[in-house]
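Below is one structure, written out as C-alpha cells, with a few remarks after it.
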Amino acid sequence: MQIFLQLADVPSDFGPSIATIGNFDGVHCGHQWVIAEVVAQARSLGIRSIAITFDPHPARVIRPESTQPLITPLPQKLQLLAETGVDAVLVIPFTNELSRMTARTFATEVLEHTLHVTQLHEGENFRFGYQAEAGVESLEALGRELGFGVRVYAPRHLRGETISSSRVRQMIAEGDMNHVRALLGRSFAICSTPASGRGYGTRYTVPTINLAPYTELLPANGVYITTLTVGAGASSETFDAVTNIGNRPTFGADSFTVESHLLNFHTIELNEDTPLTLTFLRRLRAEMRWPNPEALKEQIGRDVAKAKRYFNICRAVGSKLHSARP
C-alpha cells in the first residue's frame, strides 16, 4: 500500500481512482465494508483505490477542549488500512487552514485535480467542508459537475445496533471486549513500548512488563485476559498474559499502570524501545482494593487460573477446527 503524507506527495499521474474519505478511527466493520467495495470496484475497472484520512483527527483542531482519545493512532490505523487491500492512503494534515476550506474547493483540488477520482464512496452521514457545510446531496451535485459518481451507504448494523466509532469507543471504555471484538472484526489492541526506569536490560528475566504511558484509548480499569507480542516482524513472540489496568489501590499508590503478567514466560531480549502489542481478549473483573497484599496475591492466582483455562479452551477449539478441515 502506498502512503502519501500530504497532497504534494501524490504523483501527478496518480489515477484515475475510486476513493473514500473518513477518519476511520478503529477501522471497524463498517469502515471495512465500504473499503472492500471501493477495492472491488477499482479492481473490476483496472484503476486505483484510495482511502483519504486526516492527521491529527479534525476534532483535535476544531474542538481541542473536548478531544477524545483515539481507538487507533495513525501508525496502527495505517497498518489496519493496509490489511484491507486498498492501493493507497492519503493522510491530509488537518490544520486550521484546512478546516476553513469549502466543500467545493476540497472536491476540486483534492478529488478532481490531485486524485482524478471517478467514484467516491461515503456513508449517508458524511459531511465535509467549512463548518461541515456539505452533506451527501451536495457531494452528489459536486460530483455531477466535476465528473465523478457518488455511492452512498446506509449505516452498517450488527444485532440491531449501528456500527460506529463512537459505539466502539464506548464499549472499550466499559471494558466489554466481546462486544468490541464483534464491532471491530478483531480483538482490540494497543501498541506501545516498555515503561522507562523499570530496569529493562538486554536480557529480561522477570515475567511482568509495564507499558510506557499511553495517551490514547484504554479499556476500563480492571483485570483482563490478554496476549502480549514482544518485538515486531518475524522475530516477534507472543505470550499469554493477564493484564491489570489501574492505580494499584491495595498498595495505596495513585500510580496508574498497564501491567502484564506473562503466563508462558521465558527469558527474552527486551529494552525500552522494544515494540509491544497488547491485545485484549476478555475482562475478568473490575479493579478492587484488597485488605492486604496476601489477599491480592490469592486473587491474582485465581485470575491466572481463569486465564489459563481460557487459553486452553481456545486452543482446544482451534485444534478441533483445524483437524476438521478437509
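Diagonalising the gyration tensor over the Cα atoms of segment 84-192 and scaling each eigenvalue by 5 before taking the square root yields semi-axes of 31, 17, 15 Å, largest first. Taking amide hydrogens as placed 1.01 Å from N in the peptide plane, the amide H of A134 sits under 5 Å from those of F128, each at least 5 positions away in sequence or on another chain. Stretching D273 away from A173 to a fully extended chain increases their span by 33.3 nm, per 0.36 nm per residue minus the current alpha-carbon distance. The trypsin sites (Lys or Arg not before Pro) of segment 43-133 that DSSP puts in a loop, and whose beta carbon has at most 13 other beta carbons within 10 Å, are R100.
Ligands, DNA and RNA left out, the 1.4 Å accessible surface of the chain is 50% carbon and sulfur atoms.
With θ taken as phi - 60° and the Karplus curve 6.51 cos²θ - 1.76 cosθ + 1.60 applied, the whole-hertz 3J(HN,Hα) list for segment 219-231 is x, 4, 3, x, 10, 10, 7, 9, 10, 10, 9, 9, x Hz, x standing for glycine and proline.
Of the trypsin sites (Lys or Arg not before Pro) found in segment 214-301, the ones in coil according to DSSP and having at most 13 other Cβ atoms within 10 Å of their Cβ are R289. Within the same chain, aspartates and glutamates fewer than 8 places from K297 are excluded, and of the rest, those with a Cα less than 20 Å from its Cα are D240, D254, E259, E287. Each helix, a run of at least 4 DSSP H residues, gives -39500 (n - 2.57); summed and divided by the residues of the chain, these come to -9000 deg cm²/dmol at 222 nm. With K and R counted +1 and D and E -1, the other residues having a Cβ less than 14 Å from that of E133 yield a net charge of +2. Residues in segment 236-244 carry Karplus couplings, in order, of 6, 9, 10, 10, 5, 8, 10, 10, 9 Hz; the curve used is 6.51 cos²θ - 1.76 cosθ + 1.60 with θ = phi - 60°, and Gly or Pro positions show x. Proximity of backbone amide H atoms, modeled 1.01 Å from N, is registered between F54 and I92 at under 5 Å, excluding neighbours fewer than 5 places apart on the same chain. Close amide H contacts of A212 (hydrogens built in the peptide plane, cut-off under 5 Å, sequence separation of 5 or more or a different chain): T193, A195. Here are several values of Cα extents along the principal axes in Å: [x] 63, 61, 32; [y] 66, 45, 37; [z] 72, 55, 43. Which one was derived from the coordinates shown? This structure yields the entry labelled [z]. Entry comment: accessible area of segment 129-170 is 59 Å² per residue, from protein heavy atoms only and a probe of 1.4 Å.
The values are calculated or read from the model by the stated rules, or taken from the named source; none is laboratory data. None of the values given here were measured: they were computed from a predicted structure. Glycine gets a Cβ as well: all are built from the backbone with ideal geometry, and neighbour counts include every protein chain shown. Ligands, DNA and RNA are excluded from the accessible area calculation, which covers all protein heavy atoms including side chains. Shrake-Rupley method; radii C 1.70, N 1.55, O 1.52, S 1.80 Å.
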